[in-house]
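Peer 1: Just dropping this structure here.
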Amino acid sequence: MKMTGAQAVVASLQEEGVDLIFGYPGGQVIPLYDALYDSSLRHILTRHEQGAAHAADGYARATGKVGVCIATSGPGATNLITGIANAYMDSVPMVCITGQVPLSVIGKDSFQEADITGITAPITKHNYLVKKASDLPRIIKEAFHIARTGRPGPVVVDVPKDIFTTTIDFEYPKEVRLRGYAPVFEGKSSEVDAVAQAIAEANKPLFFIGGGVGAAGASQDFLRLVEKYQIPVISSLMGLGAIATTHPMHLGMVGMHGTVAANKAVMECDLLVGIGVRFDDRVTGLIARFAPKAKVAHLDIDPAEVNKNVFTHLRVIGDLQWSLPALEASLRKIFVEGQRSGGWIQEVTRWKEESPVAYQKSDDIIKPQFVIEELARLTGGKAVVATDVGQHQMWTAQFFPFHQPRTLITSGGLGTMGYGLPAAIGAQLGQPDELVLLVTGDGSILMNCQEIATAVEHRLPIKVAIMNNNVLGMVRQWQKMFFNQRYSHTRFANGGTDYVKLAEAFGATGLRAETPADVPAIIAKALETEGPVFMDFRVSDDENVLPMVPAGAPLDQIIEEVD
Amino acid sequence: MRHTLAVLVENRPGVLVHISGLIARRAFNIESITAGYTEEADITRITIVVEGDNRSLEQVVNQLSKLVDVIKIVELTSEPSIERELALIKVKANPETRSDIVDIVEIFRAKIVDVNRETMVIELTGEETKIDALCEVLKDHGIVEMVRTGKVALSRRPGAAKETE
């Protein structure tokens, strides 16, 4: 069938089952937008390309589908960069289509030209510069295949303007042929048996889960293992929700702001089984003292993660949907009930009971942790929760109960302030029937507040809790704890911004809570108000995220109190 | 220790950028890297010499393998293989010193490929250490400039690298 390159892009997206794309037009993608004008593909016009990238990311995390975004060449494409890097760090499947200047003027420093394949090479799973219009269907097919299979990630397809306008014979390829790309789904059973043996022999085994468990759709398989063999679980930020954080075997988040129980368990366990994790430095602290008494096993889809940060004794490379059931089957053969010398479960449970995450309650001033507890209480914990980055993110991880995978939408690896609002928009569009909450700070929300307009345009019922303390709280906390209370440039002077008016300026609802007594009523009111609601919680500006293991310290150096 | 890797890649624009960029940003220690055509028109073979322990070698191989354009990586250090490098060395040579240089060239089985009134250009193919040795001797005469290709290597086994497991 004859069509233009632009029409071929649209047709290819439809072949891939895409129903929603995020983008922002500009000079070099006008032909693509012209083709979209006639198509049934739903396009969400964000107010900044960064918003489009994060929204595609949030959509992908909430649904498990590939997020798609479009930007024009040059500044449009460079505005996607933070969003692409964010998706890459957290292994989120995305296809980003960028316009490029016409082939004949590439390399001439043309107007709005940027070498986007060069710029994105370190932050994409793969990228393409399309040089022949007839390659478009194959390249888009490959892009989706690469983005969603194996360890997911973002793929960039850079399309020069004249490629969009060239007429081609469109035929969508049936299969992908890539000699250099064959992710292993089913790995070696001998590797699984070795881990099963180690689990059977261990006295203090510990499961450490990350984002891979939810991403692989292996939560149920994992839960069965936990319950059948009674092995305690710790989680990275990205792993929260893979199984319910309220599960008796769940010790909570590990690492810098992890629970005392989780961090102690790492120090004391004799077998640490990492599952879909990458042993990030925010988790491990000082590598040399990470899990000092343990043999380390690692189950992951990505062979390059094994042995990268932490020395690994046993590995199982393959999809968790294969390896976890295989591990259970292998254990069933060798594990004898009661062979584990007792006391481990009691020990970790005692730590958990002795040192829950806690904060100093107040009747006078709103504590941000209290707001999160109230959000959890009034929603029954049944929500998809997006966050931004900073103290509020850690408090959300600590105080909100996550029961399901894909319910915490947060920038884990890159730590991108400004991610939350566009990500919540993507999540809400992907899960229109779910309640979507955004927990953010006054610093983070301002970084992409233009997207309030997008939320209003589509009447998205996102409920936003702004932990407004007039300070950049996490940096301030470090200044307080490690920089002699020299609060260099972490206060928003002049009383900050009026977030109620900000919301109203965009046509959204703004509410304010000034005292703890206001909090439940404001949340209740927000939940029953249609459309996007922004709640301005005037919270304490001297609150610290605790417990805390200082950066680079071993996990048993836990600070539980700060004066 | 040093490891020699044969990396077979798709012969596509940007593939060298992907590989060199990855090596740089992962802070791997690379001694040399060379690339060229192979018996298959759409495959380029890149020979990389990397310095490091087994764990860092594993990381280099695993990270490079993740690149979609990388088809196969074979470690040649662990198997019998032929390793060669080519050097062109421009050395100062006046009528008095020429015969001495010719003697040296003969001993090393190198070749003189150009001569003028002030210099000679010598071509030598061989293992790295042999080229190092020649350079050492020629230093006395004054090396004006030189270029080395970096190591290329081929397994002695009957099959091709692309067919190994």
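The values are calculated or read from the model by the stated rules, or taken from the named source; none is laboratory data. A quick note: this is a predicted structure, and the numbers were derived from the prediction, not measured. All Cβ positions, even for glycine, are placed from backbone atoms using ideal geometry, and neighbour counts span all protein chains on display.
Peer 1: Going through the stretch B:52-67 one residue at a time, which ones are among the small types (Gly, Ala, Ser) and facing chain A (nearest Cβ under 9 Å)? Steps first, answer last, please.
Peer 2: Looking only at the stretch B:52-67, we keep the residues that are among the small types (Gly, Ala, Ser), and these are B:52, B:56, B:65.
Residue satisfying the conditions is B:Ser65 alone.
Peer 1: While we're on this one: Test A:Arg177 against the criterion of being within 19 Å of B:Leu64 (Cα to Cα) and among the charged types (D, E, K, R), and give yes or no.
Peer 2: It is false that A:Arg177 is within 19 Å of B:Leu64 (Cα to Cα) and among the charged types (D, E, K, R).
Peer 1: Suppose we keep only residues that are out of contact with any strand residue (DSSP E or B) (no Cβ under 7 Å at 6 or more places or on another chain) and in a helix (DSSP H, G or I) within the stretch A:112-135. Which one would you say is farthest from A:Leu178 (Cα to Cα)?
Peer 2: Of the residues in the stretch A:112-135, the ones out of contact with any strand residue (DSSP E or B) (no Cβ under 7 Å at 6 or more places or on another chain) are A:112-115, A:118-119, A:122-123, A:131-132, A:135.
From what's left, in a helix (DSSP H, G or I): A:118-119, A:122-123, A:135.
On the way: A:Gly118: 21, A:Ile119: 23, A:Pro122: 20, A:Ile123: 20, A:Asp135: 14 Å.
Per the criteria, the residue is A:Ile119.
Peer 1: Now a separate question. Which one of these does B:Leu76 not meet: (1) at the interface with chain A (Cβ under 10 Å from one of its Cβ atoms); (2) crowded, with 16+ Cβ neighbours inside 10 Å?
Peer 2: Against the list (1) at the interface with chain A (Cβ under 10 Å from one of its Cβ atoms); (2) crowded, with 16+ Cβ neighbours inside 10 Å, B:Leu76 comes up short only on (1).
Peer 1: Go through the stretch A:35-51 and give me each residue that's more than 19 Å from A:Gln14 (Cα to Cα) and either part of a helix (DSSP H, G or I) or among the aliphatic types (A, V, I, L, M) (or both).
Peer 2: We begin by selecting, within the stretch A:35-51, every residue more than 19 Å from A:Gln14 (Cα to Cα); these are A:46-51.
If the condition is that a residue be more than 19 Å from A:Gln14 (Cα to Cα) and either part of a helix (DSSP H, G or I) or among the aliphatic types (A, V, I, L, M) (or both), then A:Glu49, A:Gln50, A:Gly51 are the ones that fit.
Peer 1: Test B:Ala35 against the criterion of being hydrophobic (A, V, I, L, M, F, W, C), farther than 21 Å from A:Ala304 by Cβ and without any contact (Cβ under 8 Å) to a residue 60 or more places away in the chain, and give yes or no. Before you say what the answer is, go through the steps one by one.
Peer 2: Details: hydrophobic (A, V, I, L, M, F, W, C): yes; farther than 21 Å from A:Ala304 by Cβ: yes; without any contact (Cβ under 8 Å) to a residue 60 or more places away in the chain: yes.
Yes, satisfied.
Peer 1: Which of (1) within 12 Å of chain A (Cβ to nearest Cβ); (2) touching a helix residue (DSSP H, G or I) at 6+ places or on another chain (Cβ under 7 Å) is the odd one out, the single condition B:Ala35 does not satisfy?
Peer 2: Of everything listed in (1) within 12 Å of chain A (Cβ to nearest Cβ); (2) touching a helix residue (DSSP H, G or I) at 6+ places or on another chain (Cβ under 7 Å), B:Ala35 misses just condition (1).
Peer 1: In addition: Return the residues of the stretch A:134-189 that are β-branched (Val, Ile, Thr) and over 30 Å from the mean Cα position of the chain (by Cα); say none if nothing qualifies.
Peer 2: From the stretch A:134-189, those β-branched (Val, Ile, Thr) are A:139-140, A:146, A:149, A:155-157, A:159, A:163, A:165-168, A:176, A:184; that's our starting set.
If the condition is that a residue be β-branched (Val, Ile, Thr) and over 30 Å from the mean Cα position of the chain (by Cα), then A:Ile163, A:Thr165, A:Thr166, A:Thr167, A:Ile168 are the ones that fit.
Peer 1: Based on what the data block shows, is B:Ile46 within 15 Å of the chain's Cα centre (by Cα) and more than 20 Å from A:Pro183 (Cβ to Cβ)?
Peer 2: Yes; evaluated as a whole, the condition is true for this residue.
Peer 1: If you don't mind, another one. Given the conditions (1) surrounded by 18 or more Cβ atoms within 10 Å (Cβ to Cβ); (2) away from every other protein chain (no Cβ under 11 Å); (3) of a type outside the set (Lys, Arg), which single one is not true for A:Phe111?
Peer 2: (1)
Peer 1: Further question on the same structure: If we scan the stretch A:94-102, do we find a residue that is among the polar types (S, T, N, Q) and either part of a helix (DSSP H, G or I) or surrounded by fewer than 18 Cβ atoms within 10 Å (Cβ to Cβ) (or both)? Give the steps one after another, and end with the answer.
Peer 2: Going through the stretch A:94-102, the residues among the polar types (S, T, N, Q) turn out to be A:98, A:100.
Filter once more, so that each one left must be either part of a helix (DSSP H, G or I) or surrounded by fewer than 18 Cβ atoms within 10 Å (Cβ to Cβ) (or both): none.
No - not one qualifying residue is present in the stretch A:94-102.
Peer 1: Still on this model: Which one of the conditions (1) touching a Phe, Trp or Tyr at 6+ places or on another chain (Cβ under 9 Å); (2) facing another protein chain (nearest Cβ under 9 Å); (3) buried (at least 18 other Cβ atoms within 10 Å of the Cβ) does B:Gly14 fail to meet, given that it meets all the rest?
Peer 2: Here B:Gly14 meets the rest and fails (3).
Peer 1: Suppose we keep only residues that are part of a helix (DSSP H, G or I) and crowded, with 20+ Cβ neighbours inside 10 Å within the stretch A:263-277. Which one would you say is nearest to the other protein chains (Cβ to nearest Cβ)?
Peer 2: The initial filter retains those residues of the stretch A:263-277 that are part of a helix (DSSP H, G or I), namely A:263-268.
Restricting the remaining residues to those that are crowded, with 20+ Cβ neighbours inside 10 Å gives A:263-266.
Numbers: A:Asn263: 26, A:Lys264: 28, A:Ala265: 26, A:Val266: 22 Å.
Result: A:Val266.
Peer 1: Here is a further query. Can you find, within the stretch A:278-312, the residue that is farthest from the other protein chains (Cβ to nearest Cβ) among those that are over 24 Å from A:Ala326 (Cα atoms) and small (Gly, Ala, Ser)?
Peer 2: Step by step, filter the stretch A:278-312, then rank; the result is A:Gly285.
Peer 1: Being surrounded by 17 or more Cβ atoms within 10 Å (Cβ to Cβ), in contact (Cβ under 8 Å) with a residue 60 or more places away in the chain and facing another protein chain (nearest Cβ under 10 Å) narrows it down to one of B:Val70, B:Val49, so name that one. So that I can check it myself, show each step before the final result.
Peer 2: Working: B:Val49 fails: facing another protein chain (nearest Cβ under 10 Å).
On inspection, the qualifying residue turns out to be B:Val70.
Peer 1: Suppose we filter the stretch A:332-388 for residues that are buried (at least 20 other Cβ atoms within 10 Å of the Cβ) and hydroxyl-bearing (Ser, Thr, Tyr); how many remain?
Peer 2: Adding up the residues that qualify gives 1.
Peer 1: Residue check, A:Gly338 against (1) touching a residue at least 24 places away in the same chain (Cβ under 8 Å); (2) in a loop (DSSP other than H, G, I, E, B); (3) out of contact with any helix residue (DSSP H, G or I) (no Cβ under 9 Å at 6 or more places or on another chain); (4) not assigned by TED's automatic domain parsing to the domain that holds A:Ile445, all met but one. Which one?
Peer 2: (1)
Peer 1: Could you please find all residues in the stretch A:299-327 being under 15 Å from B:Asn62 (Cα atoms), outside any loop (DSSP other than H, G, I, E, B) and in contact with a Phe, Trp or Tyr (Cβ under 8 Å, 6 or more places away or on another chain)?
Peer 2: Within the stretch A:299-327, A:Glu305 is the sole residue that qualifies.
Peer 1: Among the strands (runs of 3 or more DSSP E) confined wholly to the stretch A:136-209, which include 2 or more residues that are touching a strand residue (DSSP E or B) at 6+ places or on another chain (Cβ under 8 Å), within 13 Å of another protein chain (Cβ to nearest Cβ) and not aromatic (Phe, Trp, Tyr)? I'd like the intermediate steps shown before the answer.
Peer 2: On the way: elements: A:154-160, A:167-169, A:205-209.
Strands (runs of 3 or more DSSP E) meeting the threshold: A:154-160.
Peer 1: Let me ask you something else. Of the residues that make up the stretch B:63-75, is at least one modelled with pLDDT of 90 or more and within 28 Å of B:Glu145 (Cα to Cα)?
Peer 2: Restricting attention to the stretch B:63-75, the residues satisfying the condition of being modelled with pLDDT of 90 or more are B:63-75.
Okay, now just the ones that are also within 28 Å of B:Glu145 (Cα to Cα), so none.
No: the stretch B:63-75 contains no residue that is modelled with pLDDT of 90 or more and within 28 Å of B:Glu145 (Cα to Cα).
Peer 1: Here is a further query. Of everything in the stretch A:345-376 that's among the aromatic types (Phe, Trp, Tyr) and in contact with a Leu (Cβ under 9 Å, 6 or more places away or on another chain), which residue is nearest to A:Glu560 (Cα to Cα)?
Peer 2: Among those that are among the aromatic types (Phe, Trp, Tyr) and in contact with a Leu (Cβ under 9 Å, 6 or more places away or on another chain), it is A:Tyr359.
Peer 1: Check A:Ala513, A:Ala526, A:Ala508, A:Ala465 and return the single one that is buried (at least 19 other Cβ atoms within 10 Å of the Cβ), farther than 25 Å from A:Ser362 by Cα and hydrophobic (A, V, I, L, M, F, W, C). Steps first, please.
Peer 2: Working: A:Ala513 fails: farther than 25 Å from A:Ser362 by Cα; A:Ala526 fails: farther than 25 Å from A:Ser362 by Cα; A:Ala465 fails: farther than 25 Å from A:Ser362 by Cα.
Sole residue among the options that is buried (at least 19 other Cβ atoms within 10 Å of the Cβ), farther than 25 Å from A:Ser362 by Cα and hydrophobic (A, V, I, L, M, F, W, C): A:Ala508.
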